[in-house]
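The values are calculated or read from the model by the stated rules, or taken from the named source; none is laboratory data. It should be emphasised that the depicted structure is a prediction, and the values quoted were computed from it without experimental measurement. Here the Cβ is made from the backbone with ideal geometry for all residues, glycine too, and neighbour counts use every protein chain on show.
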Amino acid sequence: MRTRLIIILIVSFLFNGCLPLFLYNDAENTARKHMKQAIAHENNSQFNAAVKEYAIVTKKYPQTSYYKKAIYRSAFANIDSQTPNYDAALALIQTSLSLSLTHREKRAIERYETLLTHIIGQIKDSNDQKNELEEYKEQIKGLKEKLQRMKVIDVQMHENKRKQR
């Protein structure tokens, strides 16, 4: 009876002590696989697929050592994409600022944040200018139509004057 109790205690301690370590290693290995896949996608210029792989790491495995790197690389994959998503990249960069960073990492990320904020501002200004340009084109089109009608009226008036002479 006493030996059974000792065996049960040993097995209990073994599972309680080793199981979390095993689960951690499993999460770490799975996160590593997703990171390798994401980097392979990046190397093949498949940035949208890379972003999806990084998202898996950031959402499912935040406790792993790959979390910080996944956020950082995902931000840049969003920028390098065929259809850049600067807003998503900025959100990821801002998220990375809340992580534990070295002074050097924090300064670099703050510079990226400033740069992305500037780029987003420039894009919005450019879009505003494009909208204004489209409005001006519509106004010019309307003025051309009015001018054409005025020309027709002018020609008619000129012909009527000629007939009266």
Leading residue by the ranking (farthest from the chain's Cα centre (by Cα)) among those in the stretch 87-116 that are exposed (fewer than 15 other Cβ atoms within 10 Å of the Cβ) and part of a loop (DSSP other than H, G, I, E, B): THR102
Residue that is farthest from TYR61 (Cα to Cα) [pool: residues in the stretch 2-41 that are among the charged types (D, E, K, R) and modelled with pLDDT under 90]: ARG2
Only listed residue being in contact (Cβ under 8 Å) with a residue 12 or more places away in the chain, crowded, with 17+ Cβ neighbours inside 10 Å, within 22 Å of THR114 (Cβ to Cβ) and among the hydroxyl-bearing types (Ser, Thr, Tyr), chosen from TYR72, TYR61, TYR66, TYR54: TYR72
Members of the stretch 74-86 that are out of contact with any helix residue (DSSP H, G or I) (no Cβ under 6 Å at 6 or more places or on another chain) and part of a helix (DSSP H, G or I): PHE76
